[in-house]
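*Asks:* My questions will all concern the structure given below.
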Amino acid sequence: MKIHVLHGVHVSEGDHGVDRLIPYLAKVGCEVVYHEYGYALALTARFLNKGRAERIAPLISKGDVCLGHSNGCTIVWMMADMGVPMQGCVLINPALDSDKQFAPQVHWVHVYYNEGDVVVPWSKVLFAHPWGNMGEVGYDGPTDHRVLNFNCYDPMVKLPRVDGHSDLFMPDKIVRWGNYIAKNVKEEL
């Protein structure tokens with residue numbers, strides 16, 4: 001089984017933030033595959049995402065897990081919607097509409113969000129795409145027992161408070177959050 005990791009937009013090669021999770025994900029005993037799909041501005045990404053999803057989809061096997069950050073979550077959602085047989089997905093500050101439903105073949109979905117994510121709400125002003133403010137408010141669509149929301153801003157979580165679109169990947173937070181996310185994935189496997 002593999003864990004496929006997809007970054008967001010506005011990142012340059014070698015500096016993605018989400019790739020800082022790889023050492024923690026490797027601890028769950030799966031091969032971690034990082035998909036570098038290139039730099040793009042937010043407005044151009046929405047036109048390129050379908051092609052990106054189509055290129056990455058054949059690399060996902062039944063039982064694999066997909067993990068995305070921001071626009072990477074949009075690509076993960078698109079692949080699931082295309083019928084890619086992923087077992088589960090981890091969405092960190094997803095740039096998705098908060099009521100976006102997940103394809104039936106996906107067994108579980110973990111959504112990590114925080115109210116300090118001021119990036120994803122801007123995507124709601126655009127039209128004809130799946131982007132939205134899930135990274136700020138979590139999943140709030142119809143009841144779906146496969147979806148677990150993790151409010152990274154909530155002090156009750158007993159982890160460093162995450163307050164921003166990429167704040168989870170900061171040096172003072174990544175160790176504890178990386179271990180927590182990896183533990184949650186392992187429990188699903």
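Results for (1) modelled with pLDDT of 95 or more; (2) surrounded by 15 or more Cβ atoms within 10 Å (Cβ to Cβ); (3) touching an Asp or Glu at 6+ places or on another chain (Cβ under 7 Å), shown as yes or no for each residue.
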{"position": "GLN87", "(1), (2), (3)": "yes, yes, yes"}
{"position": "LEU126", "(1), (2), (3)": "no, no, no"}
{"position": "HIS129", "(1), (2), (3)": "no, yes, no"}
{"position": "THR143", "(1), (2), (3)": "yes, no, no"}
{"position": "CYS152", "(1), (2), (3)": "yes, yes, no"}
{"position": "PRO155", "(1), (2), (3)": "no, no, no"}
{"position": "SER166", "(1), (2), (3)": "no, yes, no"}
{"position": "GLY178", "(1), (2), (3)": "yes, yes, no"}
{"position": "VAL185", "(1), (2), (3)": "yes, yes, no"}
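*Asks:* Just to be sure, is VAL137 at pLDDT 95 or above, within 20 Å of TRP177 (Cα to Cα), open to solvent by 40 Å² or more (accessible area, probe 1.4 Å) and β-branched (Val, Ile, Thr)?
*Replies:* Against the criterion (at pLDDT 95 or above, within 20 Å of TRP177 (Cα to Cα), open to solvent by 40 Å² or more (accessible area, probe 1.4 Å) and β-branched (Val, Ile, Thr)), VAL137 qualifies.
*Asks:* With the requirement that a residue be part of a helix (DSSP H, G or I) and under 17 Å from ASP97 (Cβ atoms), what does the stretch 56-77 give you?
*Replies:* ASN71, GLY72, CYS73, THR74, ILE75, VAL76, TRP77
*Asks:* Can you name the residue in the stretch 1-28 that is in a loop (DSSP other than H, G, I, E, B) and within 14 Å of ILE181 (Cα to Cα) and, of all such residues, is modelled with the lowest pLDDT?
*Replies:* It comes out as VAL28.
The values are calculated or read from the model by the stated rules, or taken from the named source; none is laboratory data. Computed from a predicted structure; not experimentally measured. A quick note on method: Cβ atoms are made from the backbone with ideal geometry, for glycine too, and the neighbour counts reach across all protein chains shown. These area figures cover heavy atoms from the full protein model, side chains too; ligands, DNA and RNA do not enter into them. Shrake-Rupley method; radii C 1.70, N 1.55, O 1.52, S 1.80 Å.
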